[in-house]
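Right, one structure below, let's go through it.
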Amino acid sequence: MTANLSGLLSDSAERGTGRSRRLRRALPALVAAAFVLLHVFGYPATRFSNDSYRYTREAYEFLGDTPGEATRKAVAAYCADTARLVHRNRRLDQLAFRDPGGEAEYTRRCEHRYANGLEPTDPRYERIFHTRPGYPLIAAPFVALLGAKAGLTLVALAFTTLTGYLVYLLLRALRAPPPTAVLGQILSYVTPLASWGGRPLTEGPTLAGLTALLLASVWLLQRRVPAGVLLFTGAFVFGLAVRYSSSLMAAPALAAAACAALLFVRRTRHRGTWWLVGLSAGGTAVALGLSRALDLPGMSDSLQDTFTLHWTRPEIADPWSALARLNRHYWEQWLQKEALAPLLLFLLAVGAWGVWQRSVPVALCVIAVGATGFAATVAHPLAVELDRLYVPVWLIAVIGLPLAVTRFSAGRCAPVVPPVSPSAARSVAPPAAPPSP
């Protein structure tokens, strides 16, 4: 009887362990599903912006529509969503919420006003979006099936969901416990990485590409060369197709991080790190070569776009000095605003510390890629963009904070060894070993 009871308890324990193991394996998928459901609920609050209109127009052109027909459909989608936004705002107005919405009339006037397309219509501005074919190309089938806004949002949301899972894989590659890795995934879903990534813009695919580059870098630093090379190459090519300027900043940043690791961290002097240097430097050369060969918009075009309000005003003679002055004003006010509630700066500091404590070479890569967000803001110091341009800096916090929490927890939970008196230590000390020859 005792043996039977022992067997039953053993079987019950094994079943409990199996259920716990299955739950841990399913937890990342459950977290991703909860994130998607939240964004489905919040979908009416997302805005179909001027940029979204331009990606929609390209998607319809990929579907075979003429430029004129694609423009008409994209304008209709923009006007319909803007009318819904106006109606939403009226519902919160203490005086106007009792009046009819008038969405149909607003949509009609909007479509008449923008019959020839949304402004600005300067070819130089249009060319910026023509160099980003990846996102509208992927979204085109979903635009045809679900409509413009829903199709674009679905693709952006899918890539944002993927970003969280890539964060989970990256933390597991750093030997973080499953709960810690899931915490990183959750953080990626509750920070601006998700609020911007889930909109019908290129932020979602771009963030997924950057996170994939980081995961590939971790694999290469861990000597997993074939998998790292394959993932790095795919993520970089994908990033060039979605928004090549982000890849053009990330590649040299990773090259610099890998070189610093080779120089200062002896254990990284192996084949994987050299592959990371070569892929990053080669990617930079490829991006620059493509930019020159295809005459893609460069930094001078970007500056003129900024200081002419998308070429609605004459170009300025010295955009670089104007950029320096605008940056001085921007960062002064940005720091003043952050000083009132320095949550981002605090999380960045803790996140950088956490990943640095786990692995200095990985920390160099994470900080380098995250810093490209601030680099993009330096190139476009526009207050109207708020935190959209520097959203990649949140990767530092999302990856580093779980590692910092694990580090703090390990320190607090470490067993406390009582002090031993010298006499007691001598009484229990083993005999001295004979001297080595």
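The values are calculated or read from the model by the stated rules, or taken from the named source; none is laboratory data. Everything numeric in this text was worked out from a predicted model, so none of it was measured. Here the Cβ positions follow ideal geometry from the backbone for every residue, glycine too, while neighbour counts run over all protein chains shown. Quick note on the areas: whole protein, heavy atoms, side chains included, nothing else; ligands and nucleic acids left out. Shrake-Rupley method; radii C 1.70, N 1.55, O 1.52, S 1.80 Å.
As a summary of the residue check, L309 satisfies the conditions (1) part of a loop (DSSP other than H, G, I, E, B); (2) surrounded by 18 or more Cβ atoms within 10 Å (Cβ to Cβ) except for the one numbered (2).
Considering the conditions (1) without any contact (Cβ under 8 Å) to a residue 40 or more places away in the chain; (2) open to solvent by less than 10 Å² (accessible area, probe 1.4 Å), T160 is excluded by exactly one of them, (1). Restrict the check to region 262-275 and report whether at least one residue is within 18 Å of T372 (Cα to Cα) and either in contact with a Lys or Arg (Cβ under 7 Å, 6 or more places away or on another chain) or not hydroxyl-bearing (S, T, Y) (or both). No, the conditions are met nowhere in region 262-275.
One line per residue, one yes/no per condition, for (1) within 18 Å of A397 (Cβ to Cβ); (2) touching a residue at least 12 places away in the same chain (Cβ under 8 Å); (3) in contact with a Phe, Trp or Tyr (Cβ under 7 Å, 6 or more places away or on another chain); (4) crowded, with 22+ Cβ neighbours inside 10 Å:
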{"position": "L213", "(1), (2), (3), (4)": "yes, yes, yes, yes"}
{"position": "F236", "(1), (2), (3), (4)": "no, yes, no, yes"}
{"position": "A255", "(1), (2), (3), (4)": "no, yes, no, no"}
{"position": "V277", "(1), (2), (3), (4)": "no, yes, no, no"}
{"position": "T284", "(1), (2), (3), (4)": "no, yes, no, no"}
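Scanning region 53-60 turns up one or more residues that are modelled with pLDDT of 95 or more, open to solvent by less than 30 Å² (accessible area, probe 1.4 Å), among the acidic types (D, E) and out of contact with any Asp or Glu (no Cβ under 9 Å at 6 or more places or on another chain).
Within region 113-132, residues that are closer than 14 Å to D301 by Cα reach partners that are aliphatic (A, V, I, L, M) and open to solvent by 20 Å² or more (accessible area, probe 1.4 Å) with beta carbons closer than 6 Å, at six or more positions or on different chains, in the pairs T131/L296. Comparison of A324, A376 shows that the only residue that is open to solvent by 30 Å² or more (accessible area, probe 1.4 Å), among the hydrophobic types (A, V, I, L, M, F, W, C) and in a helix (DSSP H, G or I) is A324. A26 fulfils the conditions (1) of a type in the set (A, V, I, L, M, F, W, C); (2) modelled with pLDDT under 95; (3) touching a helix residue (DSSP H, G or I) at 6+ places or on another chain (Cβ under 6 Å) except for a single criterion, (3). With a requirement of 2 or more residues that are charged (D, E, K, R) and within 24 Å of Y244 (Cα to Cα), the helices (runs of 4 or more DSSP H) lying completely within region 39-132 that satisfy it span 50-62, 123-130. The residues of region 168-178 that are in a helix (DSSP H, G or I) and either of a type in the set (V, I, T) or in contact (Cβ under 8 Å) with a residue 12 or more places away in the chain (or both), listed by number, are Y168, L169, L170, L171, A173, P178. For region 89-126, a residue qualifies if it is touching a helix residue (DSSP H, G or I) at 6+ places or on another chain (Cβ under 8 Å) and under 30 Å from T306 (Cβ atoms), and the qualifying residues are C110, E111, Y114, A115, N116, G117, L118, R124, Y125, E126.
Only residues that are free of Cβ contacts under 8 Å to residues at least 40 places away in the same chain and hydroxyl-bearing (S, T, Y) were counted across region 337-379, and they come to 0. For region 95-152, taking the residues that are hydroxyl-bearing (S, T, Y) and more than 16 Å from E58 (Cα to Cα), the one that is most open to solvent (accessible area, probe 1.4 Å) is identified as Y106.
Just need a number here: residues in region 335-355 that are part of a helix (DSSP H, G or I) and over 20 Å from the mean Cα position of the chain (by Cα). Outline the logic, then answer.
Residues of region 335-355 that are part of a helix (DSSP H, G or I), as a first pass: 335-340, 343-355.
Adding the requirement that they be over 20 Å from the mean Cα position of the chain (by Cα) leaves 335-340.
Going through region 335-355 one residue at a time, the tally reaches 6.
Does region 358-366 contain any residue that is open to solvent by 20 Å² or more (accessible area, probe 1.4 Å), under 19 Å from V167 (Cβ atoms) and hydrophobic (A, V, I, L, M, F, W, C)? Yes - at least one qualifying residue is present in region 358-366.
Test of understanding: among Y189, Y165, which residue is open to solvent by 30 Å² or more (accessible area, probe 1.4 Å), assigned to a helix (DSSP H, G or I) and either within 30 Å of T82 (Cβ to Cβ) or aromatic (F, W, Y) (or both)?
Working: Y189 fails: open to solvent by 30 Å² or more (accessible area, probe 1.4 Å).
Only one candidate qualifies: Y165.
Screening region 379-404 for residues that are part of a helix (DSSP H, G or I) and open to solvent by 20 Å² or more (accessible area, probe 1.4 Å) and picking the one that is nearest to F264 (Cα to Cα) gives L401.
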